[in-house]
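The structure appears below as structure tokens.
The values are calculated or read from the model by the stated rules, or taken from the named source; none is laboratory data. Not measured: the values here are computed from a predicted model. The accessibility values were calculated without ligands, DNA or RNA, using every heavy atom of the protein model including side chains. Shrake-Rupley method; radii C 1.70, N 1.55, O 1.52, S 1.80 Å.
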Amino acid sequence: MVADSLAKCSITHDLGLISFNSPPVHAVQAYLDGVVRARRTGVEDLDLLVEHVDKTNFKRTCLDLISLARLVPGPDDMLVLDIAFMINLKFEEYPNALLIALFLDNKEFVKQVFTSCDDLLRKKQFCHILARHGSNFELNDEMVSEDEEREAMQDIINNAKLSEVAVKFKGVEAEMNFDMEDYKDYDMEY
């Protein structure tokens, strides 16, 4: 089985034994293809991927897992997405991990993304993603330690400042002497 090969850093093939230092994308792809081909109802061996994926192949692996989730019947599809979330979190791909957490509607995963990331600017980005998603997520001291920052980020999530941003945008539009209707007409001509 390919999962055993990932642990041993070799793959048994019709042409012989293939050895490698770290699991290449092809080994991970072969493993995922084997899971789909076997049409297994359980995907319990997929958790081995979290240990064996490295920085050279984790993006492709996560994309393959997300694609695989569409082919696997529930509730195993959620397990596949959980593993994609863990891999993204392991390699600090926080925006992708947040999108998976929102798709799973898992508030604990969203909280885990906030606690794992140290960059305040990225956390503000996450707040905008949550606001766009329409989530009613509440930040706490563990996720954002500074009170002022937490309140500002909570306002972003709650869309409390949306009207102020719209007014600023209108001001910039007037300053630039730019009319959205002209842009729409220009776009329609071509």
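Here, the range 63-169 has an Rg and a Dmax of 15.1, 47 Å when only alpha carbons are counted. Between the C-alpha center of the range 61-94 and that of the range 101-154 there is a gap of 21 Å.
Taken over the range 79-129, the convex hull of the Cα atoms encloses 61 Å³ per residue. Each residue was assigned an accessible area with a 1.4 Å probe, and for residue 72 the value is about 20 Å². The relative contact order of the range 47-125, computed from alpha carbon pairs under 8 Å that lie at least 6 residues apart in sequence, is 22 percent.
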